[in-house]
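Heads up: the structure comes next, in C-alpha cells.
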Amino acid sequence: MKRNILCIGAGYVGGPTMAMLALKCPDRRVTVVDINAARIQAWNSGTLPIYEPGLDEVVNACRGRNLFFTTDIGHGIAEAEIIFVSVNTPTKTFGQGAGCAADLQYWEKTARLILQHATSDTIVVEKSTLPVRTAAALSRILHSGESAVRFEVLSNPEFLAEGTAIADLANPDRVLIGGADTPSGQAAVAELAELYGAWVPRERILTTSVWSSELSKLAANAMLAQRVSSINALSALCEATEANVAEVAHAIGMDARIGPKFLRAGVGFGGSCFHKDILNLVYLCETYGLTEVANYWRQVVLINDYQQARFVGGMVRAMFNTVADKRIALLGFAFKADTGDTRESPAIRIARLLVDEHARVVVSDPRALANARTDLADLGDRVIFEPDPYAAAAGADAVAFLTDWKEYRALDFPRLLHSMRRPAFLFDGRSFLDHEALFRLGFNVQAIGRTPLSHL
Ligand code: UDX
Ligand code: UDX
C-alpha cells in the first residue's frame, strides 16, 4: 500500500511543495494542515493565499483528487505515515539568542502533536530550515512517550526560490535527504528518495547524514546572500570610482569558477530566509565558540543594512539634502519580482527611513500592496498606497524602483515624467532600467553602482 503523506504548515514552502508532490505522485494521498483556518480556507478557494506563477494550475489539477487542505491536524497525523513539517522558524525576539537564534517553539509544539496523535510508525521529515542537530532533539521528544510507535527523523530542506517555485520544484538542481546511519534510518531515506524519484533523476537526489543536510541548507542560503553582499559592497566602490557595477559583475561572472548568477547589485536581499538563516548560522557559530566565523557571516547582514541606508542617503543628497514634504513614489514593495511576499523586503526599511526624513511616501506594487499595508500599518497616513504606478508618480519629486517587476520596464516613462514635479529624479534600486534613455527623456537618474546622470 502506498503510504499517506501529511504536511504540517501550509505556507510558501509547504503549500507549493505538496502541490507538486500530489501532481507528480497521483497514487498518493497528500494532505496539508495548518493552524491558520483562514489560510486553509484560501487554499481551498479560487484565490490562493500566496501568489506564485503556475501554482494555481498545479493546485487545480490535484485539489480534491489527491491533494487536500484542512485544519484537522490530529486526524491528519493519525492517518499519515510520512509527515513533512514546514512550520515557520522565525528569529527569536525574546530571551537567550534574541535577534539571532531560531524560535523553535512551533517546532516543538508540532512534535508533541505528532507524538500525541500518531497511530503507526512514522517518518517525520524536516522541511523547515533548522539549526543543525534539531533532528536529535526532535527524535528525543518523539520517543519520550509511552507509545510503541517508532519515528524516523529525516532532513529534507527545500531550496525553492519564490517567484520560480513551481519550476524549481518540477526541476530541482538537487534534492537533499539526510538520515541516520542505521538500517531504519537508511530505509526511511530510501523511501523518501523513491517518492522524489517519481520525477527527479536519481543522480540529483543526494543522501547525506542528518547534520550535513541541516547545515547545507543554512550554508547554501548564506553563500547566496554573501554573493549579493559582495557585489553590493563593490557597488559602493563603483559609485566612488566611476566604474559600472553591471560591467564589473559581467566581467567577474564570465570566469567559469565564479559564474554569472547572484551578482545583481541592488538595494539588498530580502525574503523570509536569507536574513533569518544567516543570523541562525551566526548564533550556531557563537554557540560553538567560533567567534571569528560568526563575525564573518554577520558582516553579510551588516552590508545588506548598509546598502539600504546608503541608497536613502544618496536620494536625500541628490535632492538638495532634503526630502521633507517631497512626494516620493516607491515603485515595487515585494522583496523580489513575481511574488507578493514582502517579508524582510528592503522596501520596508527604505520607506521607513524616508518617512523619518518627513518625505510623503507613496507605495505601489502590482502584487504586494496588501502585505505592504500591514508592514507599514504603524505609520498611519504618513504613507499612501496606490496600485496604479502613474497615479503614484503624479506630482512626485522622485520615483524609486525597489523591485524589478517586468511591467515596470514597459512603463510609459514620458507620461510618468510629464506628471512629475521638476526637477524629476529617478532612483533605480535594482539597476534594471535603461538609464541613458531615461536621462535623455529628462530624468535625473541615479542607480546603484553607477555614476549619476544629472541635468542639474
Ligand atoms: C517556513 C519557515 O519559515 C522556513 O524556515 C522553512 O524553511 C519553511 O517553512 P514559509 O513556508 O515561508 O517557511 O513560512 P510561512 O509561510 O510562515 O508558513 C508556515 C505555516 O505554518 C503558517 O501557515 C502557519 O500558520 C503554520 N503553522 C505554524 C502551523 O501550522 N502550526 C504551528 O504551530 C506554527
Ligand atoms: C532563497 C534561495 O534562493 C532559495 O534556494 C531558498 O530555498 C530560500 O531563499 P528566495 O529568498 O525566495 O530564495 O529568493 P532569491 O531569488 O534567492 O532572492 C533573495 C533576495 O536576494 C531577493 O531580495 C533578491 O532580490 C536578492 N538578490 C538576488 C539580489 O539582490 N541580487 C541577486 O543577484 C540575486
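Some values worked out for this structure:
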| read-out | value |
| --- | --- |
| Between segment 227-249 and segment 286-317, the Cα center-to-center distance that results, in Å | 16 |
| Apportionment of accessible area to carbon and sulfur, segment 281-398, percent (1.4 Å) | 53 |
| Per residue value of the accessible surface for the chain (all protein chains in place, 1.4 Å probe), Å² | 44 |
| Positive-end residue, the chain charge dipole about Cα centroid, Cβ charges, pick of Ala118, Ala167, Phe69 | Ala167 |
| Where labels lie 7 Å past Cα in the beta-carbon direction, separation of His358 and Gln105 in nm | 4.0 |
| Added length on full extension, which subtracts the Cα-Cα distance from 0.36 nm per residue, Leu302 to Asp412 | 36.0 nm |
| Phi to ³J(HN,Hα) by Karplus 6.51 cos²θ - 1.76 cosθ + 1.60 over segment 115-123, Hz, x for Gly, Pro | 4, 5, 9, 5, 10, 9, 3, 9, 9 |
| Net +/- balance of residues flanking Thr119 in space, Cβ distance below 10 Å, scoring K and R +1, D and E -1 | -3 |
| Segments 113-126, 236-249 sorted - mean Cβ within 10 Å per residue, highest first | 113-126, 236-249 |
| Cα coordinate range in the chain, projected on the principal axes (Å, largest first) | 77, 49, 43 |
| Per-residue [θ]222 nm for the chain (sum of -39500 (n - 2.57) over DSSP H runs n ≥ 4, rounded to 500) | -13000 deg cm²/dmol |
| Positive-end residue, the chain charge dipole about Cα centroid, Cβ charges, pick of Ala246, Val153, Thr207 | Ala246 |
| Radius 15 Å from Cβ of Leu402, net charge of other residues (Lys, Arg +1; Asp, Glu -1) | +1 |
| Acute angle (nearest 10 degrees) that the helix 14-24 long axis makes with the longest principal axis of the chain, alpha-carbon atoms | 60 |
| C-alpha center-to-center spacing [segment 1-75, segment 145-192] in angstrom | 18 |
| Amide proton proximity set for Val125, modelled H, under 5 Å, gap of 5+ | Ile83, Phe84, Val85, Leu154 |
| Inter-site label distance for Ile35 and Ala391 at 7 Å from Cα along Cβ, in nm | 3.8 |
| Charge dipole of the chain about the Cα centre (unit charges at C-beta), most positive-ward option of Ala394, Leu331, Val87 | Ala394 |
| Partners for Lys276 among lysines (Cα-Cα distance below 25 Å; same-chain residues under 8 apart left out) | Lys92, Lys109, Lys127, Lys217, Lys261, Lys336 |
| Reachable aspartates and glutamates, given that their alpha-carbon falls under 15 Å from the alpha-carbon of Lys24 and they are not under 8 places away in the same chain | Glu57, Asp168, Glu194 |
| For Ser431, residues with placed amide H under 5 Å, excluding near neighbours | Ile448 |
| Per-residue HN-Hα couplings for segment 393-408 [Karplus 6.51, -1.76, 1.60; θ = phi - 60°; Hz; x = Gly/Pro] | 7, 4, x, 7, 7, 8, 10, 10, 8, 10, 10, 8, 4, 5, 5, 6 |
| Size of charge dipole - segment 229-311 - debye, nearest 20, with Cβ of Lys, Arg +1 and Asp, Glu -1, no other charges | 200 |
| Point-charge dipole on Cβ atoms (K/R +1, D/E -1) for the chain, about Cα centre, debye to 20 | 320 |
| Fraction of accessible area attributable to carbon and sulfur, segment 1-118 (%, probe 1.4 Å) | 51 |
| Other-chain or far-sequence residues with amide H under 5 Å of Arg360's (modelled H) | Asp325, Lys326, Arg327, Ile328 |
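The values are calculated or read from the model by the stated rules, or taken from the named source; none is laboratory data. Note that this is a predicted model, so its numbers are computed, not measured. Cβ coordinates were reconstructed from backbone atoms using ideal geometry, including for glycine residues, and neighbour counts include every protein chain displayed. Just so you know, the surface numbers come from the protein's heavy atoms only, side chains and all, with ligands and any DNA or RNA stripped out. Shrake-Rupley method; radii C 1.70, N 1.55, O 1.52, S 1.80 Å.
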